[in-house]
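Quick notes on the structure that follows.
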Amino acid sequence: MLKLQFPKEREFDRGSVFKASSKRPNLQVATGALAHHVILNDKQATGLVYEIKGVQHASREVIVSCGAYGSPHLLELSGIGDPQIIKSAGITPLHSLTGVGKNLHDHQIFRMRWRLKKET
């Protein structure tokens, strides 16, 4: 099996991303939450309504990271996207952004393994 080694000063695991910033008072990470919609104020995201603690308001920025399918879905639920698609779902369009959900590609990862016999 091929094993890649990287320099020790750089970490690639999910946990290392939050190690340095996890104690910051202006960062809140909610995992396992069901997001309902983004709160907009004059086309600017100011908060998020989600199912764990209810409503959270942001003082500076809202970062949405719901994956290749979830992020466009959440934006459209929030009224951001193609107005025709949003209206057909019974949602009031708040910001026309026709590229939301278009040209959508998920990044599939396929792992392949081989066993090699030693030559005699």
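Tally the DSSP beta bridges in the range 24-120 and give the antiparallel ones as a percent, rounded to 5. Please list the in-between numbers first.
Numbers: 11 of 13 bridges.
That works out to approximately 85 percent antiparallel.
With R₀ set to 35 Å, the beta-carbon distance separating A30 from R115 gives a calculated FRET efficiency near 0.25.
In this structure, the amide hydrogen of S78, modeled 1.01 Å from its nitrogen in the peptide plane, lies closer than 5 angstrom to those of V38, counting only residues at least 5 positions away or on a different chain. In a fully extended conformation the segment linking Q56 and D42 would gain 3.3 nm over its present Cα-Cα distance, using 0.36 nm per residue. Under a 5 Å amide H cut-off, with hydrogens placed 1.01 Å from N, A35 pairs with E51 among residues at least 5 apart or on other chains.
All C-alpha pair distances within the range 40-98, sorted into 10 Å bins from zero, spread as 22, 52, 25, 1 percent across the bins.
Readers should treat all values here as calculations from the given coordinates under stated rules, not as data from a laboratory. Because the structure is a prediction, the values reported are computed rather than measured. Here the Cβ is made from the backbone with ideal geometry for all residues, glycine too, and neighbour counts use every protein chain on show.
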